[in-house]
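The values are calculated or read from the model by the stated rules, or taken from the named source; none is laboratory data. Bear in mind that the values here come from a model prediction, so they are computed numbers and not experimental data. Reconstructed Cβ throughout: ideal geometry from the backbone, glycine too, with neighbour counts over all protein chains shown. Protein only, heavy atoms only, side chains kept; ligands, DNA and RNA dropped before computing areas. Shrake-Rupley method; radii C 1.70, N 1.55, O 1.52, S 1.80 Å.
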Amino acid sequence: TIASASGDYTVKLWDRNGTLLSTLEGHSNVVMDVAFSPDGETIASASGDGTVKLWLWNLDALMKYACKQVKVYLKSSPNVAPTDRTLCD
């Protein structure tokens, strides 16, 4: 994963082929710098207003968190395809 600082107040994450994977939003000024932790599981970003944000980038942890948030929706919403109801099982 490649991380880039952006003038639109975001951090963008890319794969090696240049495909955008994710955009991290939350800064209120231009993002000036971005770096991965040595273990690759946290991203630090610094903006022009002097703030630093830490972002969790452990995909397993992110999936567990996301599933915890949407599991009931996946099981009960009529808008979810039957094949998608078990995504978080």
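The residues in the stretch 33-75 that are of a type in the set (Val, Ile, Thr) and over 19 Å from Thr23 (Cβ atoms) can be counted, and the count is 2. Under 8 Å between Cβ atoms, which residue pairs at least 6 apart in sequence (or on different chains) link something in the stretch 28-56 that is touching a residue at least 40 places away in the same chain (Cβ under 8 Å) and under 18 Å from Trp14 (Cα atoms) with a partner that is of a type in the set (D, E, K, R) and surrounded by 15 or more Cβ atoms within 10 Å (Cβ to Cβ)? Here the result reads Ser45/Lys53, each pair linking the stretch 28-56 to a residue that is of a type in the set (D, E, K, R) and surrounded by 15 or more Cβ atoms within 10 Å (Cβ to Cβ). A Cβ distance below 9 Å, combined with a sequence gap of six or more or placement on separate chains, defines the contacts here; from the stretch 58-74, residues that are under 22 Å from Ile43 (Cα atoms) reach residues that are open to solvent by less than 60 Å² (accessible area, probe 1.4 Å) and not hydrophobic (A, V, I, L, M, F, W, C) in the pairs Asn58/Gly40; Asn58/Thr42.
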